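Asker: Okay, here's the structure, questions in a sec.
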Amino acid sequence: MFIQTEATPNPATLKFLPGRPVLDTGTLELRDREEAVKSPLAARLFDINGVGGVFYGSDFISVTKTDGDWQQLKPAILGAIMEHYMSGAPLVPDAEGETAGEEFFDEKDAETVSTIKELIETRVRPAVANDGGDITFKGFKDGVVFLNMKGACSGCPSSTATLRHGIQNLLRHYLPDVVEVRPVET
C-alpha cells in the first residue's frame, strides 16, 4: 500500500491520501481523544504524541499536529494508517460521516440560500478538499453567510483570506444580497 502525503496551506496540517475511499458520504472531524472513540483509526492516531486533530474526507485523511516536527510524526502516522487499512476494519463502525446539522435562515431567503449552497458545493468545496479541509453552509442572516470550516481549514492562517477574498467575492458576484461571509464553530 502506497500512501501519498501533501502539504496544506495550514502548516500544522498534513494531508494523507491512502489511494482508496476514506468516507463514502460526508466528512468527519475528530478534534480530540474523546471524539476519536468513534473511529479506531482516529483513536490510534491520537495515541501518537503531537497529534491534535483528525479529519476524514472522501479520499483523504488530514492530521493536525499540536507540536513536534512532521519528520518525526509522519512515519508513525503513515504506519497507523497503513495498519488500519491492512486490518480491514471499518473506519467508522455503525456511522457514515457528519450530516449537515442545524442550519438557520429566514424562509424568505430560501432561493438565495439554495444558490449559496449550490455555489459552495460546486465551486468552493472541491477546492477546499484539495487543501485537506471542508466548508459547509450553516446559515444566512441579514446578508451575512455563516460557514463551518473543518479539517485543514480550521485554524489555518490563510482561512480568513480565503473567506474574505475568495468565497465572499464569489458569492457577492452571483448574489448582491450577500454582504459578508463569517466562520462559525460547531
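Asker: With +1 assigned to the C-beta of every Lys and Arg and -1 to the C-beta of every Asp and Glu, and no other charges, what is the dipole magnitude of the range 48-180 about the Cα centre in debye, to the nearest 20? Walk me through the intermediate numbers first.
Answerer: Details: 11 positive and 20 negative charges, 100 e Å.
Rounded to the nearest 20 debye, it is 480 debye.
Asker: May I pose another question? For the range 1-156, what does the relative contact order come out to in percent, with C-alpha contacts under 8 Å and a separation of six or more? Each step should come with its number before you reach the end.
Answerer: Values: 268 pairs, mean separation 40.2, N = 156.
Reported relative contact order: 26 percent.
Asker: State the extension gain, in nm to one decimal, for the chain segment bounded by Lys38 and Glu121, taking 0.36 nm per residue of separation less the distance between their alpha-carbons.
Answerer: Working: separation 83, 0.36 × 83 = 29.88 nm, distance 2.62 nm.
Taking 0.36 nm per residue and subtracting the Cα distance, the gain is 27.3 nm.
Asker: For the chain, I need the span (max minus min coordinate) of the C-alpha atoms along each principal axis, in Å, sorted largest to smallest.
Answerer: Its Cα atoms span 50, 33, 27 Å along the three principal axes.
Asker: Translational D (Stokes-Einstein, µm²/s) of the range 16-87 at 25 °C and 0.890 mPa s when Rh comes from the Kirkwood sum over C-alpha pairs?
Answerer: On the way: Rh = 12.2 Å.
The estimated diffusion coefficient comes to 202 µm²/s.
Asker: Right, another one. If I fit a long axis through the Cα atoms of helix 110-119 and take the longest principal axis of the Cα atoms of the chain, what angle between them do I get, 0 to 90°, rounded to 10?
Answerer: Approximately 40 degrees, to the nearest 10.
Asker: Which angle between 0 and 90 degrees, to the nearest 10, do you get for helix 70-87 versus the longest principal axis of the chain when only C-alpha atoms count?
Answerer: Orientation of helix 70-87: about 80 degrees from the principal axis.
Asker: Counting helices only, and only those DSSP H runs with n ≥ 4, report the 222 nm mean residue ellipticity of the chain as the sum of -39,500 (n - 2.57) divided by its residues, in deg cm²/dmol to the nearest 500. Intermediate results must be reported in sequence, preceding the final value.
Answerer: Details: 5 runs with 48 residues, N = 186.
It lands at -7500 deg cm²/dmol.
Each reported figure results from applying straightforward, stated rules to the coordinates on display, with no laboratory input. What you are looking at is a predicted structure, and each value in this text was computed from that prediction instead of being measured. Note that each Cβ is placed from the backbone with ideal geometry, even for glycine, and that neighbours are counted across all protein chains shown.
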